[in-house]
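Novice: Just dropping this structure here.
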Amino acid sequence: MTDIITGLRQVIQDMIAPDLKSHTVKLEALQKQSEIQHDAVMKTLDAFRAEMRSEFAALRANNQVEVFRQVSPMSERIAVVESRVK
């Protein structure tokens, strides 16, 4: 009986253990690759966010200039009208 157990143990060590070690190495490599890809995606997203913030700031500034450009003549006209009413 102990010979069977010893033989089975030897088969497990000779056949299964190397496969398990191989799979462990492959899994660790995949995890590292996944982390690298995750970091690259996060850096890309951060750059995209910064670009969008910059673009929105420029659009906001252009919008404010346009609003001022359109409102300014009306403000002058209202001031003239108000000065005549007094």
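Any read-out appearing in this document is the output of simple, stated calculations on the displayed coordinates, not a laboratory observation. As the structure is a prediction and not an experimental result, all values here were calculated from the model. Here Cβ is always computed from backbone atoms with ideal geometry, including for glycine, and neighbour counts include all displayed protein chains.
Novice: Before we move on, is ASP46 surrounded by 10 or more Cβ atoms within 10 Å (Cβ to Cβ) and either part of a helix (DSSP H, G or I) or among the charged types (D, E, K, R) (or both)?
Specialist: In short, yes.
Novice: Is one or more of the residues making up the range 16-33 surrounded by 10 or more Cβ atoms within 10 Å (Cβ to Cβ), acidic (Asp, Glu) and within 40 Å of the chain's Cα centre (by Cα)?
Specialist: yes
Novice: Limited to the range 34-86, what total is found for residues that are hydrophobic (A, V, I, L, M, F, W, C) and under 26 Å from the mean Cα position of the chain (by Cα)?
Specialist: The total comes to 13.
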